[in-house]
Ligand SMILES: *Cc1c(COP(=O)(O)O)cnc(C)c1O
């Protein structure tokens with residue numbers, strides 16, 4: 001199989017090798033040193049500011065989204081959620097569930113956020129903004145310069161889900177004054193699912209200390225305290241954390257820009273190759289991580305099925321209303337230009353066979 005989905009994605013040989021090894025006991029100085037290095041390298045790769053901290057939760061990306069809503073927001077807040085698809089909707093659902101007062105900016109699927117969308121919410125007393133910088137469900141990438149400007153002007157606490165954007169697009173906590181940065185292990189970090197990472201600004205750490213919440217497993221206060229000695233309150237996904245360690249070391253060596261460059265190069269190569277197909281780009285502002293494509297006269301879901309069953313290629317189907325209209329091709333994980341060629345050849349074959357019309 002070649003995997004062009006958006007996660008879990010293909011892993012490099014070193015990461016896969018670690019996955020085949022025994023899991024060490026973790027209440028040791030050695031594992032603490034690994035975790036301290038993970039925190040340091042993660043913060044560096046996210047361009048975090050002074051006194052920022054990182055927390056590694058055992059759970060999928062959504063665990064960190066929920067922990068963020070519970071521990072950095074309260075009923076005193078007035079939150080603004082950018083809802084451009086299923087991940088934006090998830091933030092809205094979390095605010096609803098945890099009684100955080102919020103409003104949402106609902107965007108048409110495939111459409112990016114405009115300054116005029118934000119203008120209506122200017123100087124209206126909002127205290128927090130939640131955004132999935134890359135709304136993976138539709139492939140839309142939002143403009144963080146614009147969002148940052150709005151947040152700074154309104155003194156708004158900025159929560160950015162960069163789960164599918166970290167290591168695929170520029171992500172810079174300091175430059176955009178991001179208070180909480182949410183990252184998952186199975187996207188461009190390209191290790192198995194199971195770990196969510198939170199990058200926390202000094203302001204976010206202070207807020208977590210201040211807000212009273214009832215929660216045991218996702219208690220960020222406890223996680224931060226344990227993290228001071230390189231430990232976690234409960235047994236973490238030790239193996240995945242060792243794989244993350246290998247990846248962060250690799251990125252530390254080659255540089256985060258170069259890592260992003262690889263993804264960008266794959267995305268551009270693919271987008272050039274499919275110019276003449278009966279497909280159109282669904283998103284008006286694309287992340288390097290994903291190309292969302294709209295079909296014209298055939299079912300997107302059927303294309304996904306045929307590629308999987310007859311060509312051993314996974315692309316990413318869409319759910320809900322877009323299921324028959326849109327499929328996505330990921331550019332994250334251990335993929336090559338050769339893989340792009342194979343996918344495009346398969347798509348050409350589908351044109352010939354009159355499935356892709
Ligand atoms: C993948 C993803 C998530 C998290 O999904 P999980 O299944 O909980 O790991 C959240 N937000 C975005 C933007 C994503 O791409």
Any chance residue 307 is under 26 Å from residue 17 (Cα atoms) and in a helix (DSSP H, G or I): no
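Within region 155-247, considering only strands (runs of 3 or more DSSP E) that don't extend past its boundaries, which have at least 1 residues that are away from the ligand (no atom under 16 Å from the Cβ) and surrounded by 17 or more Cβ atoms within 10 Å (Cβ to Cβ)?
157-161, 195-200
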Which condition does residue 149 not pass, out of (1) more than 16 Å from the ligand (Cβ to nearest atom); (2) in contact (Cβ under 8 Å) with a residue 12 or more places away in the chain, if it passes all the others? (2)
Given the structure, is residue 144 more than 30 Å from residue 324 (Cα to Cα) and either modelled with pLDDT under 95 or out of contact with any helix residue (DSSP H, G or I) (no Cβ under 9 Å at 6 or more places or on another chain) (or both)? yes
Please work out if residue 150 is assigned to a helix (DSSP H, G or I), in contact with a helix residue (DSSP H, G or I) (Cβ under 7 Å, 6 or more places away or on another chain) and crowded, with 16+ Cβ neighbours inside 10 Å. yes
Among the numbered criteria (1) away from the ligand (no atom under 16 Å from the Cβ); (2) touching a residue at least 60 places away in the same chain (Cβ under 8 Å); (3) surrounded by fewer than 19 Cβ atoms within 10 Å (Cβ to Cβ), which one does residue 60 miss? (1)
Going by the conditions given, is residue 180 under 16 Å from residue 289 (Cβ atoms), touching a strand residue (DSSP E or B) at 6+ places or on another chain (Cβ under 9 Å) and touching a residue at least 40 places away in the same chain (Cβ under 8 Å)? no
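Could we say that residue 78 is more than 14 Å from the ligand (Cβ to nearest atom), under 22 Å from residue 206 (Cα atoms) and either surrounded by 22 or more Cβ atoms within 10 Å (Cβ to Cβ) or touching a residue at least 12 places away in the same chain (Cβ under 8 Å) (or both) here?
In short, yes.
Tell me, which residue of region 125-146 that is away from the ligand (no atom under 15 Å from the Cβ) and part of a helix (DSSP H, G or I) is surrounded by the most Cβ atoms within 10 Å (Cβ to Cβ)? If you could, list the steps in order and put the result at the bottom.
Here is the first cut: in region 125-146, the residues away from the ligand (no atom under 15 Å from the Cβ) are 125-129, 143, 145-146.
Subsequent filtering for residues that are part of a helix (DSSP H, G or I) retains 145-146.
Working: 145: 10, 146: 15.
Across region 125-146, the extreme among qualifying residues is 146.
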Would you be able to say whether some residue in region 16-27 is out of contact with any strand residue (DSSP E or B) (no Cβ under 6 Å at 6 or more places or on another chain), under 16 Å from residue 223 (Cα atoms), more than 16 Å from the ligand (Cβ to nearest atom) and in the same structural domain as residue 208 (by TED's automatic domain parsing)? yes
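The values are calculated or read from the model by the stated rules, or taken from the named source; none is laboratory data. The structure displayed is predicted, hence computed values, not measured ones. Here the Cβ is made from the backbone with ideal geometry for all residues, glycine too, and neighbour counts use every protein chain on show.
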